[in-house]
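Beneath this line is the structure, given in structure tokens, with notes to follow.
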Amino acid sequence: MSDGASSLDTGTPDLLAALDAGVLTLTLNRPGARNAMSRAMNQALARQLAAAELDPAVKCIVLTGAGQGFCAGGDVKGMAAAGDGTVGALSIDEAIHVQRVNQRATAGKLFRMPKPTIAALPGPAAGAGLALALACDLRIMASTAILTTAFARVGFSGDYGGTYFMTQLVGAAKARELYLLSERVSADEALRLGLANWVCAPDELAARTREIARRLAAGPTVAYRYMKENLNRALAGADLDDCLDLEATHHIHCGQTEDHREAAQAFVEKREPVFRGR
């Protein structure tokens, strides 16, 4: 966290939040449990993402983990102690509904957020933790970090959109291999497969993440909003004409923004544009 960052109250120590120069950093904070998800963490993450989507002060979101890990996914030790991995005191129907709501409010929100999202991985991302990382627009990994779907090792089929994101990123055959066998994927292999955008030395992760996030936070936020909608619509399987029509609408709209006029003037004047998000 830099000197200019302001800490936000998330309502739980399991999730830390800080806003600095337009970058909202959300830190999964259970390092003793490899940042495994807790109910308080999930609920706080959902609240922070919902607020960030509507807050004009937030230009970019970074999701990371405290200590040496990103997120181990569900708290398997807690499940074992409770003797029930999913339902607890709820009926099966209630548990399914709660899970659907949680997934849409976290992984789904990261993916659909009309602002750039970055996952910064200081260490392992497994199971639902991996899914949260894959839901982000971009991923930067420490060279010592690893990825694993992990679900087959604990008798789960997978959640938080991981099967969708993984299939889109690496293709159907490789996604099946990674889910069925639950092999560990090194940072270099993740980069080769397209699961990571950048790999850096562990002690450079924070600075490199801050550099990328601040660059995005200083960018044309209106254009980013519609760029993400275009990309997500294409990913969802829209046909060519639908994509062309949506691009045309968004392109002409962006052409009317103050940011576009500033960028065009900066191009003529051979200087960097100063975007204001309008």
Query raised in the report: So, of the residues in the range 213-249 that are farther than 22 Å from F275 by Cβ and of a type in the set (G, A, S), which turns out to be least open to solvent (accessible area, probe 1.4 Å)?
Result: A238
Query raised in the report: Hey, among the residues in the range 147-158 that are open to solvent by less than 50 Å² (accessible area, probe 1.4 Å) and over 26 Å from T209 (Cβ atoms), which one's farthest from the chain's Cα centre (by Cα)?
Result: F151
**Report entry** Condition met for T144 (open to solvent by 30 Å² or more (accessible area, probe 1.4 Å) and modelled with pLDDT of 95 or more)
**Finding:** yes
Requested in this report: For A40, indicate whether it is open to solvent by 20 Å² or more (accessible area, probe 1.4 Å), closer than 16 Å to G74 by Cβ and out of contact with any helix residue (DSSP H, G or I) (no Cβ under 9 Å at 6 or more places or on another chain).
Outcome: yes
Report task. Return the only residue of A213, A196, A173, A206 being within 30 Å of V154 (Cβ to Cβ), modelled with pLDDT of 95 or more and within 20 Å of the chain's Cα centre (by Cα). Result -> A196
Report task. Taking L138 as meeting all but one of (1) modelled with pLDDT of 95 or more; (2) farther than 17 Å from N197 by Cβ, write down the number of the exception. Result -> (2)
Query raised in the report: Out of curiosity, is L26 buried (at least 20 other Cβ atoms within 10 Å of the Cβ), at pLDDT 95 or above and part of a strand (DSSP E or B)?
Result: yes
Query - Qualifying residue in the range 164-182 (condition: touching a residue at least 24 places away in the same chain (Cβ under 8 Å), open to solvent by 30 Å² or more (accessible area, probe 1.4 Å) and charged (D, E, K, R)) - result: no
**Report entry** Yes/no for A187 being surrounded by 13 or more Cβ atoms within 10 Å (Cβ to Cβ), without any contact (Cβ under 8 Å) to a residue 12 or more places away in the chain and of a type in the set (G, A, S)
**Finding:** no
Query raised in the report: Which residue pairs have Cβ atoms closer than 6 Å, lie 6 or more positions apart in sequence or on different chains, and pair a first residue in the range 1-19 that is modelled with pLDDT under 90 and open to solvent by less than 60 Å² (accessible area, probe 1.4 Å) with a second residue that is of a type in the set (A, V, I, L, M, F, W, C) and assigned to a strand (DSSP E or B)?
Result: A5/A18
Report task. Answer yes if at least one residue in the range 260-269 is more than 30 Å from T167 (Cβ to Cβ), touching a Ser or Thr at 6+ places or on another chain (Cβ under 8 Å), among the charged types (D, E, K, R) and surrounded by 13 or more Cβ atoms within 10 Å (Cβ to Cβ), and no otherwise. Result -> no
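The values are calculated or read from the model by the stated rules, or taken from the named source; none is laboratory data. This one's a predicted model, so the numbers in the text were calculated from it and none came from an experiment. Here Cβ is always computed from backbone atoms with ideal geometry, including for glycine, and neighbour counts include all displayed protein chains. Side chains included, ligands, DNA and RNA excluded: accessible areas come from the protein's heavy atoms. Shrake-Rupley method; radii C 1.70, N 1.55, O 1.52, S 1.80 Å.
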